[in-house]
1. Work out the FRET efficiency for B:Ala119 and B:Glu33 from their Cβ-Cβ distance, taking R0 = 30 Å, and round it to the nearest 0.05.
2. Could you give the accessible area per residue of the protein assembly as shown, probe 1.4 Å, as a whole number in Å²?
3. Where the Cα atoms of the stretch B:138-341 are projected onto their three principal axes, how long is each span, largest first, in whole Å?
4. Would you mind computing, in nm to one decimal, how far apart the modelled labels at B:Ala92 and A:Arg88 are, each placed 7 Å from Cα along Cα→Cβ?
5. Put one equal scatterer on each alpha carbon of the protein assembly as shown, apply the Debye formula with no solvent term, and list log10 I(q)/I(0) at q = 0.05 1/Å to two decimals.
6. Among DSSP beta bridges lying fully in chain B, give the percent that are antiparallel, nearest 5.
7. How big is the B/A interface in buried accessible area, both sides summed, 1.4 Å probe, to the nearest 100 Å²?
8. Under a cut-off of 19 Å between alpha-carbon atoms, report the lysines in cross-link reach of A:Lys22, not counting same-chain residues fewer than 8 places apart.
2 protein chains.
Amino acid sequence: MAAGERTLILAEGFSADRHYGKTMHGVLRYRREDVVAILDSVRAGESEAGVPIVADVESALAFGPEVAIVGVATQGGRFPPAWRDLLRRCIAGGLSIENGLHEMLGDDPELRPLADEAAVELRDLRRPPAGLDCATGANLEVDARIVLTVGSDCAIGKMTVSLELDRAARKRGIASLFVPTGQTGIAIAGWGIAVDAVVADFVSGAAERLVVEGRRRGGELLWVEGQGSLVHPAYSGVTLGLFHGSVPHALVLCHRAGSTEIEGSPGHPIPPLAELVALHERSSLPRRPARVVALALNTAGIDAAAARAAIDAAASETGLPAGDPVRDGAEALLDEVLERLS
Amino acid sequence: MAAGERTLILAEGFSADRHYGKTMHGVLRYRREDVVAILDSVRAGESEAGVPIVADVESALAFGPEVAIVGVATQGGRFPPAWRDLLRRCIAGGLSIENGLHEMLGDDPELRPLADEAAVELRDLRRPPAGLDCATGANLEVDARIVLTVGSDCAIGKMTVSLELDRAARKRGIASLFVPTGQTGIAIAGWGIAVDAVVADFVSGAAERLVVEGRRRGGELLWVEGQGSLVHPAYSGVTLGLFHGSVPHALVLCHRAGSTEIEGSPGHPIPPLAELVALHERSSLPRRPARVVALALNTAGIDAAAARAAIDAAASETGLPAGDPVRDGAEALLDEVLERLS
């Protein structure tokens, strides 16, 4: 999404789902002004964040979109068959497509010629840049303070916490920068690398390139968007590669209040917060040891009293400052992080 | 390398290097009977493990090779420019090429047509299989005992330890199987997936597929070849993804006696063994907790007394059985692993 580009969010069947609809919700939260409609036939006629939800591409065209962004993430990142028809209709309607799934639309033997004929773009947000390699050590030379969000699971708010802390820091006049590492962050910020889509050996090199680039863009305080979780049975490799490649000075540990099991992986428990803190600190590279400096709790969907209780319990269990930057603003959490960074 | 295929090892400039020449040394150790010559102009006229070292492809052809295997691994896995001429000469000489670097020869716009014209094969050992995805949980259903080698660094003998323990177990009539996860293991065993070359999100899925396949091939005791190290600044992501995706019941921790720093990464210390044991055990998935059951020390290059002292010190530091299965045979270590597995 270029800034100002009129955007349709494709979220068929998943617009109400925070887990699989995380790209939609991220874009709605941080690029709301560019979104003209959401497509989800299941909820047609409703609205979300003030944006009308429509049943099909034809109805969406009435709102004058220029680009359609794939707003849902599926496990493994491939397109369900029903989606291909949707994509064809978008192209036929003259829309460019922005896609963050692992499947690359630009290489699709059917959609590529259709897009060329319609003179629209197929932008694959997860396409790795050319020339990636392993980390070289240039990450350790970056003259900036680096804070990585880590977490107890996927899709619990690591990107949001990084964005909120960055926004609060910039408001204070700090040369702060959000460093995007996944498709939604890239859609929001307009740059970045989806580190989960590169050759596995090059995750650390991609992370290194991102912190080098973040400094080049003027960031003296870099908020690196975390991915996955060290305790996720499918995504932990990406998490550790990003951790070591981005060489953070400090970690903010994100957790959804009340969660005790990895979502979508029944039987995989989430360890207690104090154990997660110890695991992350022990997993940092000896050459760049990193402490968890704060806990960011996602308390969406519970009431204010329950949220307060969860935050207090987390702080008391770990001895660390805790808060929900979405519910309460990021100011207090930012104070704590900055104090422990210096 | 198909069994019985007459093989030339390409090791130009690196035949004496155990780190970068690890594919050569692995093939020499486990497929010696198929190797007819080694190419390294720096050492032409010498021999290694009884195999003649020659200066160029033309001299090698006198030994009647059918396939040339790239015997060196470079950081990042790309071909130095000087190597392209070597590969062209092999193709012109009628040799197929087996390559484990990240660069895919089969996609090379210059070499592909040359190989087609010469009717030789370009086999890319690191090419990911089709249809990979994230781990699904099928790994936990595999009805076999799974042992993963982990280590303090790359290229210190994890593959060798897995192969030696597998060989010793098979000698005892156990339905044991070596599960290859890297290019050298694949060259030796003739199957496997190079987990460091798949899309980062799919490392766990590749590892899952390997243990499922290992059981399908009849293995009831699976020795999964480890990769990288949890404390390696560039490769740790692959290590953790393989760890979680292969869901081992037990770990054998490999270490080169005396090493205190990651090779090729100055300033990155190797933590003490007891700390490495704790890190690995804490990093195992709560759903499939894994203990380090033994230490395998690589004592190549030190004398017998120093080796004994290093092994005793490691055992005493960690309270775990320790040994060098290459120096002393794998029997004793296998006893210890089997006792702790049951």
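1. On the way: r = 26 Å, r/R0 = 0.87.
Result of the calculation: an efficiency of 0.70.
2. Values: 24820 Å² over 684 residues.
Averaged over the residues of the protein assembly as shown, the accessible area is 36 Å².
3. 43, 40, 33
4. That separation, rounded to one decimal, is 5.1 nm.
5. With one equal scatterer per Cα and no solvent, log10 I(q)/I(0) is -0.25.
6. Working: 3 of 41 bridges.
DSSP beta bridges in chain B are roughly 5 percent antiparallel.
7. Values: alone 14060 and 14070 Å², together 24820 Å².
It comes to approximately 3300 Å² buried between B and A.
8. Candidates past the 8-residue exclusion: A:Lys158.
The values are calculated or read from the model by the stated rules, or taken from the named source; none is laboratory data. Just so you know, these numbers come straight off a predicted model, no measurement behind them. Using ideal geometry, Cβ is built from the backbone for each residue, glycine included, and neighbour counts are taken over all protein chains shown. Surface areas here come from the heavy atoms of the whole protein model, side chains and all, with no ligands, DNA or RNA. Shrake-Rupley method; radii C 1.70, N 1.55, O 1.52, S 1.80 Å.
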